[in-house]
Amino acid sequence: MVSITIISITTVIFGIGALILTSRARSRLSEGSIRRYIDNFSVCIAFIVVFSLWLTIRSLTNFEVSFAGFTGYPELIFIVFAYIGFVIASYRVSKISEEFGFKEDGKEIAKLVKSRKKS
Amino acid sequence: MDVKAQFKKEVSNLKDYIVLIRVNAKDYQDTNVAILKSLVNEQKTPGIYVTLNKPFEVMQRLLEKNNIDPRLIIFIDAFTDIGENKKRVKNCLYIGSPEKLSDISIAMDQAVKSLPTKEKFVFFDSINTLQVFNNPGTVMKFVHFLAAKIREWKVKGIIILISSSADEPLTNELVQFCDTKIEAGGA
């Protein structure tokens with residue numbers, strides 16, 4: 001019981017630490033794609049932190065909350081939201097890679113330079 | 001001495017460099033074309049062109065008119081307003097605004113690393129436009145970043161500064177990081 005409590009509290013501390021680091025990173029960036037991605041990512045972390053916090057409080061106090069359809073583990077709804085957030089964040093990353101990915105352009109330029117040097 | 005000859009003379013002994021070109025508004029376009037001609041046509045070096053003053057389409061037409069192959073250049077267009085979403089076309093990424101310095105930095109980093117050639121250049125046109133959209137502290141920080149990155153990437157860096165009396169602090173800051181400074185068009 002004690003070890004579960006310690007693990008839960010440690011998890012919450014790590015989660016809050018992650019949120020603080022993300023918020024600091026966000027404040028250094030100017031408006032744009034990367035900042036929007038960080039916003040998404042922060043929301044995901046926030047849901048996970050709320051989930052961990054809920055579990056911690058429950059393990060410490062044996063406090064039970066039950067919603068209709070969510071009896072037993074209503075906190076799982078936060079994990080569902082976190083996963084939805086991760087899907088959105090992943091979509092944003094794929095868009096960022098489309099925008100900022102110059103690999104194909106680079107390959108074509110290298111070919112052009114080669115052919116120009118030959119001629 | 002014309003700017004092209006001056007440029008060649010100044011960088012002849014340098015492999016990788018940062019050159020600050022201070023030019024008056026009247027000669028600005030001709031100077032850019034002359035430098036690009038030297039890099040792309042004569043040295044056959046591909047590179048990255050960050051444009052804050054002209055849209056990509058206009059730059060493309062200008063280069064074609066002057067027999068410079070725009071296909072050898074990756075453009076980062078921070079001039080054209082494209083709203084919230086980025087627009088990506090062949091050889092160009094539209095950033096949307098010179099305010100988005102984080103996006104400009106990441107785009108430059110990715111574009112430089114995507115060029116597999118040994119020799120490459122980064123052409124920044126122009127540094128004072130940033131001052132219109134960002135506060136002086138942020139611009140100074142960006143200048144430091146840009147200089148450090150150009151050294152790290154081991155590329156030829158050309159920074160354009162359109163001369164005006166209000167830009168003295170920026171010029172003084174830039175000169176510290178540059179290997180050489182060229183005054184073009186009687187700036």
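The values are calculated or read from the model by the stated rules, or taken from the named source; none is laboratory data. The structure presented is a predicted model; accordingly, all values stated were derived computationally and were not measured. Virtual Cβ from ideal backbone geometry, glycine too; neighbours counted across all protein chains shown.
What to note about this one:
- Selection from the stretch B:129-147 of residues that are of a type in the set (Gly, Ala, Ser) and touching a residue at least 24 places away in the same chain (Cβ under 8 Å): B:ALA147
- Scanning the stretch B:69-119 for residues that are polar (S, T, N, Q), in contact with a Gly (Cβ under 6 Å, 6 or more places away or on another chain) and closer than 16 Å to A:GLU31 by Cα turns up just one, B:SER102.
- From the options B:TYR17, B:TYR94, residue that is aromatic (Phe, Trp, Tyr) and surrounded by fewer than 21 Cβ atoms within 10 Å (Cβ to Cβ): B:TYR17
- All positions within the stretch B:134-172 that are in a loop (DSSP other than H, G, I, E, B) and among the basic types (Lys, Arg): B:LYS154
- Pairs with Cβ under 9 Å, 6+ apart, first in the stretch A:38-57 and in contact (Cβ under 8 Å) with a residue 12 or more places away in the chain, second among the hydrophobic types (A, V, I, L, M, F, W, C) and not in a helix (DSSP H, G or I): A:ILE38/A:LEU29; A:TRP54/A:VAL65
- Residues of the stretch B:92-135 that turn out to be modelled with pLDDT of 90 or more and in contact with a strand residue (DSSP E or B) (Cβ under 7 Å, 6 or more places away or on another chain), as a count: 16
- Restricting the search to strands (runs of 3 or more DSSP E) fully inside the stretch B:39-102 and requiring at least 3 residues that are closer than 30 Å to B:PRO136 by Cβ and touching a residue at least 40 places away in the same chain (Cβ under 8 Å) gives B:47-51.
- Of all residues making up the stretch B:105-133, the number that are closer than 16 Å to B:THR45 by Cβ, away from every other protein chain (no Cβ under 14 Å) and assigned to a helix (DSSP H, G or I): 0
- Taken over the stretch A:5-35, residues that are surrounded by 17 or more Cβ atoms within 10 Å (Cβ to Cβ), polar (S, T, N, Q) and either more than 15 Å from A:ARG92 (Cβ to Cβ) or more than 17 Å from the chain's Cα centre (by Cα) (or both) amount to 3.
- B:THR138 vs. criteria among the polar types (S, T, N, Q) and within 11 Å of chain A (Cβ to nearest Cβ): yes
- Looking across the stretch A:75-99 at every residue that is out of contact with any strand residue (DSSP E or B) (no Cβ under 7 Å at 6 or more places or on another chain) and within 14 Å of chain B (Cβ to nearest Cβ), the one that is farthest from B:ASP103 (Cα to Cα) is identified as A:TYR91.
- Here B:ASN41 clears all of (1) out of contact with any helix residue (DSSP H, G or I) (no Cβ under 6 Å at 6 or more places or on another chain); (2) polar (S, T, N, Q); (3) within 27 Å of B:PHE177 (Cβ to Cβ) except the condition numbered (3).
- Selection count where residues are of a type in the set (D, E, K, R) and more than 10 Å from chain A (Cβ to nearest Cβ), scope the stretch B:56-96: 6
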